[in-house]
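**Student:** Shown below is the structure under consideration.
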Amino acid sequence: MERRTLLSNRRAGYSARHVRTAPPAPEVARALARELAARPAAFLSAALVLAPLLALACAPDAASAWSAKPGATVGAPRAVPTVATPSSVSPRERASASDAASPRGATPLPAAGRAPARLADTGLYADWPTKTVQDDVLAYTPQYPLWSDGATKRRWIRLPAGTAIDGTHPDLWSFPIGTQVWKEFSFGRRVETRYLERAADGAWVYATYVWNADESEATLASDEGVRAPRGAALRHDVPSQNDCRACHEGSPVPVLGFGALQLASARDPLAPHAETPAPGSVDLETLVERGLLRVDAELLQDGGPRIAARTPRERAALGYLHANCGGCHNASGPLAGLGLELDARVAERAHVAPALRTALGRESRLRRPDDAVHLRIAGGAPEASLLVERMGSRFGALQMPPLGTHAVDEAALALVTEWIRADLGAPQTASDVRAPGDGRGVRDRRTPNDVRWARAPARAHPTDLPPFPHTFTHREIAMNKHVLTWTTLTLTLAGLVYVTSAAATRDAGAAPKAADAKAARIARGEYIVKTSACTDCHTPVKMGPNGPEPDLAHFLAGHPASLVMPPAPTLPPGPWIATVGATMTAWSGPWGTSFTANLTPDKETGIGAWTEKEFVDTIRTGRHLGRGREILPPMPWPVYRNLTDEDLGSVYDYLQSIPAISNRVPAPLPPAAAR
């Protein structure tokens, strides 16, 4: 029987054409298999080109597949206009699509490049002299605001005309191409406005604009940001690009403070620093009513989702941790390996909050010099809870959050302290603190085979993939599925033929060459480590027969955990500013007391669980894992950050190749005056 399939995608610019008459598919498969056995390399090249095209041509609309669910969906219509992926459209169509998505008064969409040089050119204001905001720019107010040293904030969002947010997954909202978000910081006057925009290629652009003293201009800050000097009357840091990414990319969704829980109309009256929404501000219900958000109808019941908790105080405390800590400490981000989840997930109607399950009665990896065990949350004992200690510290190597604040949030600290003392006084573990089933969240009622968002992978999830810009008819889908079945069989069979052939004929020297390249990279890393004074500080010094010598039994293992140091001596005023322990692994100065780290590949106490990217980010940013606590002196990371990625990768490979040594280095201590 003849098979003729019409494959069309007019929106993507493909012309309609017919597939030529072909013999039955099984015969095609057998003939191709014989041909491919003779010429596997030629087939591989063709398969690599044709397979993605056939898959795209035959697949149903991705947006429909991801948003399909038994429950009712309310809000925007299902066919939401979306800018196609750059690879699927012509340059001319891509330019016109970007123009259509660009909001009124804004510059054309950047392609993951830089933002405009002036805030006035981002499209926030209709009239710059009067600072009148554009009509299509929507104000919003999260119910649990981020603490920023008491700054007054205003926030806005704009969606391109005709688009909507896909909120099918209540914790993983997908924002359309061209979405713009602004947040203004004021301390008596405007100081800074932060800006996010989703570019034409789907990446997010981060920018910060600094206002001048008379608020007549706001200009783009440098990628390095602006650090406020110590002792300044207003100590407010303008974040660097690395700082922006550290916070916004710690969660699967870079837009923080704009989600189902934060925009619920039934707001938490005990939320620390709760703000009254300005007239005209949008919330969950108004976004749906305006067709700007597509969500499950259940999400809107009773004023929207709220955190399941046993007491109002507990709900407020968990909400604060969600907003101020959950952006990094969650199960999906780069810090997932810590096993500390302080976010509140709407899709999980859990009787035990993730924060309690992963913190209450749980041992912290942080150690004091006395090597005592510290609990993240000690039930009934806030004074023994590391969470309270880190919230109450502004020592750079201890404070949490590590960015964006120089002043302790006293109101939130009092709330969390009382919550631990009063509400967690009796139980000692998370299993004892089951909340009643009153948390208005959203359950996933689909069958296991239908669940597509039970847990989000780190920093990448299906909603990040723009839908293929064509809606297929049922007839097209049925025809294409038949073609796709035999195409897949053919490609699979041919692939097996190629792999078998390649295995028999590949270059016998390929594996040795790869091993040689790896060995050369490790040797390069060893050379850098041993000529850059790394061993001088990270390998303890001991007294040998001829004087001090490195203790090679603890090579690069950092300060010995068994060596408890007495308080550092206080130096008189003068040119001497630092002291060092006899092992060369404990240093004290104006920054406090620091202990050199364990650089061996031990997974619990060293860097064995680190990825190469995390290691490179640590050196580049001067922060633990690229987003955590500050790296203190004497570590000269501002010098080492100038090494190339290849050199830093070589150092990483070398450090992963040396023997692992279990040695938990104590946490740094703040200066005596700050203790």
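**Student:** Which entries in the list Lys153/Lys613; Lys513/Lys613; Lys518/Lys613; Lys530/Lys603 go over 29 Å, if you measure between the two C-alpha atoms of each?
**Tutor:** Lys153/Lys613
**Student:** Report the relative contact order of segment 105-226, percent, no decimals, based on alpha-carbon pairs under 8 angstrom and at least 6 residues apart.
**Tutor:** Relative contact order, segment 105-226: 25 percent.
**Student:** Can you give the Rg to Rh ratio for segment 308-412, taking only C-alpha atoms and Rh from Kirkwood?
**Tutor:** 0.94
**Student:** With a 1.4 Å probe and every protein chain kept in, tell me what percent of the accessible surface of segment 238-287 is carbon plus sulfur.
**Tutor:** Ligands and nucleic acids excluded, carbon and sulfur reach 56 percent.
**Student:** For Ala274, what charge total do you get from the other residues with a beta carbon under 13 Å from its beta carbon, if Lys and Arg give +1 and Asp and Glu give -1?
**Tutor:** +1
**Student:** With charges only on Cβ, +1 for K and R and -1 for D and E, what is the dipole size of segment 213-361 about its Cα centre, in debye, rounded to 20?
**Tutor:** 620
**Student:** Quick one: Karplus J couplings for segment 512-528, per residue in order, coefficients 6.51, -1.76, 1.60, θ = phi - 60°, nearest Hz, x for Gly and Pro?
**Tutor:** Residue by residue, segment 512-528 yields x, 5, 5, 5, 5, 5, 5, 4, 5, 5, 5, 4, 5, x, 4, 4, 5 Hz.
**Student:** Taking amide hydrogens as modeled 1.01 Å from N in the peptide plane, which residues meet the under 5 Å criterion relative to Val133, leaving out close sequence neighbours?
**Tutor:** Ala126
**Student:** Taking amide H positions as placed 1.01 Å from N in the peptide plane, with prolines and chain starts having none, which residues 5 or more places from Lys542, or on another chain, fall under 5 Å of its amide H?
**Tutor:** Here the answer is Glu549, Asp551, since their amide H atoms fall under 5 Å of that of Lys542.
**Student:** Among Tyr320, Thr276, Leu234, flag the residue with its Cα farthest along the positive direction of the charge dipole of segment 213-343, charges on Cβ as +1 for Lys/Arg and -1 for Asp/Glu.
**Tutor:** The residue sitting farthest along the positive end of the dipole is Tyr320.
**Student:** Compute the accessible area per residue over segment 112-260, keeping the other protein chains in place, probe 1.4 Å, unit Å².
**Tutor:** Result: 36 Å² per residue.
**Student:** Which net charge results for the neighbourhood of Arg227, defined as the other residues with beta-carbon distances under 12 angstrom from its beta-carbon, given Lys and Arg at +1 and Asp and Glu at -1?
**Tutor:** That sum, taken over residues with Cβ under 12 Å, equals -2.
**Student:** Could you state the accessible area per residue of segment 267-398 in Å², with a 1.4 Å probe and every protein chain left in place?
**Tutor:** 37
**Student:** Suppose every Lys and Arg Cβ carries +1 and every Asp and Glu Cβ carries -1, with no other charges. What dipole size does segment 609-675 come out with about its Cα centre, to the nearest 20 debye?
**Tutor:** 480
**Student:** Moving on. When only Cα pairs under 8 Å and 6 or more residues apart are kept, what is the percent relative contact order across segment 177-299?
**Tutor:** Relative CO of segment 177-299 lands at 12 percent.
**Student:** Another question about this same structure. Which three extents, in angstrom, do the Cα atoms of segment 541-624 have along their principal axes, listed largest first?
**Tutor:** Reported extents, whole Å, longest axis first: 42, 36, 20.
**Student:** Between beta-carbons, use under 13 Å as the cut-off and find the net charge around Arg641, counting Lys and Arg +1, Asp and Glu -1.
**Tutor:** -2
**Student:** Under the classification rounded if a/c is under 1.5, otherwise prolate if a/b is larger than b/c and oblate if not, where does segment 102-254 fall, given a ≥ b ≥ c as square roots of the Cα gyration tensor eigenvalues?
**Tutor:** prolate
**Student:** Hey, what's segment 585-675 come to in accessible area per residue, 1.4 Å probe, Å²?
**Tutor:** 42
**Student:** A further question on this structure: List the trypsin sites (Lys or Arg not before Pro) within segment 141-191 that fall in a DSSP loop (any state other than H, G, I, E or B) and whose Cβ has at most 16 other Cβ atoms within 10 Å.
**Tutor:** Sparse-neighbourhood loop trypsin sites (Lys or Arg not before Pro): Arg189.
The values are calculated or read from the model by the stated rules, or taken from the named source; none is laboratory data. The structure presented is a predicted model; accordingly, all values stated were derived computationally and were not measured. Counting neighbours? That spans all protein chains shown, and the Cβs are built from the backbone with ideal geometry, glycine included. We work out accessible area using only protein heavy atoms, side chains counted, and drop any ligands, DNA or RNA first. Shrake-Rupley method; radii C 1.70, N 1.55, O 1.52, S 1.80 Å.
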